[in-house]
1. In whole Å, what three semi-axes, largest first, describe the equivalent ellipsoid of segment 26-79 built from its Cα gyration tensor (square root of 5 times each eigenvalue)?
2. Residues of segment 1-104: accessible area per residue at 1.4 Å, in Å²?
3. Using just the alpha carbons, could you tell me how many Å³ per residue the convex hull of the chain encloses?
4. Using a simple charge model, +1 on the beta-carbon of Lys and Arg, -1 on the beta-carbon of Asp and Glu, nothing else, what dipole does the chain show about its Cα centre, in debye to the nearest 20?
5. Identify all lysines with a Cα-Cα distance to K95 below 21 Å; exclude those on the same chain that are fewer than 8 residues away in sequence.
6. Within segment 1-18, name every residue whose backbone N is under 12 Å away from a label modeled 7 Å from Cα of E24 along the Cβ vector.
7. For K76, list the aspartates and glutamates whose Cα falls under 16 Å from its own Cα; do not include residues on the same chain fewer than 8 positions away.
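The values are calculated or read from the model by the stated rules, or taken from the named source; none is laboratory data. Just so it is clear, the structure is predicted and the values come from calculations on it, not from any experiment. As a convention, Cβ positions derive from the backbone with ideal geometry for all residues, glycine included, and neighbour counts pool all protein chains shown. Remember, those area values only see protein heavy atoms, side chains included, never the ligands or the DNA or RNA. Shrake-Rupley method; radii C 1.70, N 1.55, O 1.52, S 1.80 Å.
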Amino acid sequence: MEGIINTLSEFETNVENINSSIEELKKRMLSHSNSEIEQLREKIIKLANEEAKGILDNAKKESEKESLLIQEEAEKNYNLIKNNIEKNHDKAIDKVISMILGNLDNESNFERT
């Protein structure tokens, strides 16, 4: 009977040791899983940041291109206006002089009559 009790006692000790080992394995697996989850989270954040940076860089390049096109168009329009002013400058001066002289001639004609 003592042999059976000793065997049962050893069996119980073995079961407790196995349960303890299982608990330790659970803890290590949980720790490893948490570590892997954290690493994956960091990788995802890094990838998302890189993607966002790429999107922002592309948007910046596109807006710079559009800005240059707008600037070029504004310069063309400015040059057209400037050229028109330069072309018509002499004509405008001649017209003003003619108007002034015409008014002076009209006033002179008025005084003569």
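1. Working: eigenvalues 530, 3, 3 Å².
Semi-axes (√(5λ), whole Å): 51, 4, 4.
2. Numbers: 9790 Å² over 104 residues.
It amounts to 94 Å² per residue over segment 1-104.
3. On the way: hull volume 12.3 nm³, N = 113.
About 109 Å³ per residue, rounded to a whole number.
4. Values: 16 positive and 24 negative charges, 132 e Å.
The dipole of the chain has a size of about 640 debye.
5. Within the straight-line limit of under 21 Å, K95 reaches these lysines: K82, K87.
6. 17-18
7. Cα-Cα hits under 16 Å: E66, E86.
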